[in-house]
Amino acid sequence: MAQPRAERLMNLHILLLGAKRFIGKDAIREACYADHPRGAAGDEAFERAFERDKDALRQIGAVIEVGSADAFFDDEIGYRIPTEQTSLPEIRFESDEAAVLGLAAQVWQQATLARATTRALAKLKGQGVEIDPSRLGVVAPAITADDPAFEPLWDAVGKRRQVSFPYQRASETEPTTRRVQPWGLARSSGRWYVVGLDVDRGAERVFRLSRIVGPVRASGKSGAYDVPAGTDVRAVARRLSPSFPSVRAEVRVRQGTGVGLRRRAESVTPLEGLAGWDLVVVEGPVHDLSDEVLTYGTDVVVQAPESLRDEVVSRLRAVAEGPR
Amino acid sequence: MNTQPGDTAPDQVARLLALVPYLLARGEVRLDDAAAHFGTDADQIERDLRLLFMTGLSPGLPGDLIEVDLEALEGDRIIRVDNADYLARPVRFSPAEATSLVVALRTMVEAAPEEARDVIERTLAKLEQAAGQDGEGLLRLHVTPTPLEASAVVPVLESAIAHGHQVEIGYHVPSRDEESQRLVDPRGLARVEDLLYLDAWCHTAQDDRAFRVDRILSATELETPVADPGARARDLTGGWFTDGETTTVTLRLAPPARWVVEYYQVTAQRPGPDGTVDVDLEVASEQWVRSLLLRLAPHATLLAPAHYAEALTAEARATLSLYEDDGVDFS
């Protein structure tokens, strides 16, 4: 019976873990890949399996160092897993912190991220951390990632592989193929964006995942590019998305309406001299605020700033004039 | 191999590399305790241990293999593992693992009530440190939760629905501008147009009710079961709000408003003049259409029905007049 892959992976990990010298490929093959016979076909099968296994161990968290297996000739490549770099630093958690960890397991409503979280928590449990989500009177937010493009893009971000996908811009009738080196993903206003270098345009770009209208294909090697140091995907997504800097707005809201605005308001105070209205202070980009204010119709009136007020008024006039 | 669906070899190895340090630190662990600690079942742990039994420093040489006391495991359901000291520490987080956990916590911080932030931030700081200096062990992923995602209410409602428990909710009634406390039997959550609703039997009103989730200010799951556990959630999408009546509206969307097509259920679309697109939507609420059109201004026009368009124009004029009263210069 062929040896199960999990068994081989364990043995490979144990063989390389804490090795004082780099272990040559041949020795590795002998120890862990005995069922790949010598000869062209077996050699190739071994190479493929070994590549896949190294990748799997790295995904688990192992740090695999590559170096010369021979002290005198550096033509034989060897491998080892240094114990210190590969081991989880000892972390102690208070009981309320351990309860937070339990809640974190509930955040991701996306299979791959949920699984990665579970694995991370299992490692902490391996250190003896007792995780109990029931002790904290807080509920976790639930974050989804239903776009089919999410999974392949997240994978490509992790491996730093270039991707291509058909992208439908709102202003164009036909989708175009974009080639991108993805740096990261960001979620904002309930939508996912991928941030990266648009290879054909030679510039950073942001793409909305819901507008990727076909398969995402990864090509080329892993680690094909570096993400520019200090890249903050949220900042890039904000900068390149059509929105505006945040302002602090004072709006008049009819009492009993504007629940959405009230709930994230900095303050809500009854307006003196105008019965039935409150003064609500909220923060947000001008364009987003004007969208929101408009949806409330006659229940919300902007007082300040002027930029927001002007935008709302001019948009209202467009509707008031009716279809031309 | 005994594997569960979706359980890959790397999954199993990852589990073992976390399990072994725990076992070694304790010396002797009851199988059921280990299963409870890792939130899994005893069968899976046993399967994993049988794999562990086959591995070791120099496979093939007895004495160098990891020792698992199978007799104790099968007889007394006690785990004893030996000769595995080199596996005494769990493997560090991979970038994907560290990122998913850290970002989950960062999202929790943003969504958490003030009094819970401190403990989440403390936990987060420890994890970020374990992930590496300056986040070098993290991938780039950022989530700004929407108010609904951050809502503390939705998970409570979901849990109560799953367990068949009653819920006490604080509900904001805009027409009366008051918060009322209600006892409800929750049946389901449904998204209609862009709002989320809770379908429930309301004990306070003694009637079926649909509550807008964004107006539920607080929710507490009770221990008491619902009165009729077999009750199925009503279909909220089939025009349940207006006794089955929906209206077909036709919108003309300029490019900046084309996202409507991907966001709502559009029943038909045709190209319009100058790069616009005309779409038909089935809607249950005129108020909703009006809000949508105002938000899309000036990039969308309501083509039909005519009386909706008139009402929309009237609403815009009425709103403008509020600014006029306010001394806005319209010249």
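Rule-based calculations on the coordinates, nothing more; no lab input. If you're wondering where the values come from, they're calculated on a predicted model, not measured in any experiment. Every residue, glycine as well, gets a Cβ built from its backbone with ideal geometry; the counts of neighbours run over all protein chains shown.
Observations, loosely collected:
- Inter-label distance, nm, simple model (7 Å from Cα along the C-beta direction), B:VAL261/A:ALA34: 6.3
- Amide H contacts for B:HIS165 (H built 1.01 Å from N in the peptide plane; partners 5 or more residues away or on another chain; cut-off under 5 Å): B:VAL226.
- Extension gain, A:LYS221 back to A:ARG179 (0.36 nm per residue minus Cα-Cα distance, nm): 13.6 nm
- Inter-label distance, nm, simple model (7 Å from Cα along the C-beta direction), B:ALA25/B:ALA306: 7.7
- Ranking of A:LYS221, A:LYS20 by count of other Cβ atoms within 10 Å, fewest first: A:LYS20, A:LYS221
- Fewest-first sequence of B:SER159, B:SER291, B:SER180 by Cβ atoms within 10 Å of each Cβ: B:SER180, B:SER159, B:SER291
- DSSP bridge orientation in the stretch A:92-206 - percent antiparallel, rounded to nearest 5: 95
- Fewest-first ranking of A:ASP198, B:ASP274, using other Cβ atoms within 10 Å as the exposure measure: B:ASP274, A:ASP198
- Scattering profile of the protein assembly as shown at q = 0.11, 0.12 Å⁻¹ [log10 I(q)/I(0), Debye over alpha-carbon scatterers]: -1.21, -1.35
- The stretch A:38-94-the stretch B:95-126 distance, computed between alpha-carbon centres (Å): 32
- Rough spin-label spacing in nm, given labels placed 7 Å along Cα→Cβ, for A:SER68 and B:THR224: 7.9
- For the residues of B:14-25, the average number of beta carbons from a partner chain within 10 Å of their own beta carbon is 6.
- Gain on full stretching of the segment that runs from B:HIS163 to B:ARG209 - 0.36 nm per residue minus C-alpha separation: 14.6 nm
- Per residue of A:107-119, other chain Cβ atoms within 10 Å of the residue Cβ number 6 on average.
- Theoretical FRET efficiency, 1/(1+(r/R0)^6), r = Cβ-Cβ of B:THR146 and A:GLU84, R0 45 Å, to 0.05: 0.60
- Mean partner shielding of peptide B:286-298, defined as the number of other chain Cβ atoms within 10 Å of each residue Cβ, is 4.
- Every Cα-Cα pair of the stretch B:246-325 was included, and the share exceeding 14 Å stands at 61 percent.
- Shown in residue order for the stretch A:76-81 are the 3J(HN,Hα) couplings computed by the Karplus curve 6.51 cos²θ - 1.76 cosθ + 1.60 at θ = phi - 60°: 9, 7, x, 9, 7, 10 Hz (x for Gly and Pro).
- Förster radius 56 Å - calculated FRET efficiency between B:THR40 and A:GLU306 (Cβ-Cβ, nearest 0.05): 0.40
- Residue separation of A:ASP26 and A:ARG239 scaled by 0.36 nm, minus their Cα-Cα distance, works out to 71.5 nm of gained length.
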